[in-house]
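Before any comments, here is the structure.
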Amino acid sequence: MMKYYMLMAFLVIGFLFSCNKKDDPQIETELVGNWKLVEMTGSVPNSETTGADMEWQESYQLNEDGTFLKSRNRDGVITESSGTYQEVNSLNERLLELIFNEESEILGTCYSDVLKENMVFQSDNIFSSTWQACDGPGLKYQKAD
């Protein structure tokens, strides 16, 4: 009888761990939508710009199927690039990893050999580019819808 209770306890524990939401491959619904560039900073202190004062306007459209479209409007010229994305938890940081389908002038990354951008979540509706770590601009995005 004791073996039966132990077996049942292991089955219940196994069931509970198998239903862990972190293991669910579905895209988190709060990621899906349009994320708009809202602030740009440079390496010089107090160099923040927002809105129409930024060098360019930019957004990411994150889709339910794990794909994205990045769009940049610079001086009326619109450039787009696409790829796939996933949420990654690394060293207690929540990251968004964007893998581009091809090389693009709007790819802002520290990597020279991988077509990838990483974003760090500051809150559920704001993330920032890691490009500033290698002399790129600091870019902050906010969920628009």
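Taken together, the values in this text are just the output of simple stated rules run on the coordinates, not laboratory data. Quick caveat: nothing in here was measured; it's all calculated off a predicted structure. Please note: Cβ atoms are built from the backbone with ideal geometry, for glycine as well, and neighbour counts cover all protein chains shown.
Loop-located GluC sites (Glu not before Pro) in the range 71-119 (DSSP state other than H, G, I, E, B) with a sparse environment of at most 12 neighbouring Cβ atoms within 10 Å: Glu102, Glu103, Glu105. Summarising the label geometry, the points placed 7 Å from Cα in the beta-carbon direction at Phe121 and Glu103 lie 3.4 nm from one another.
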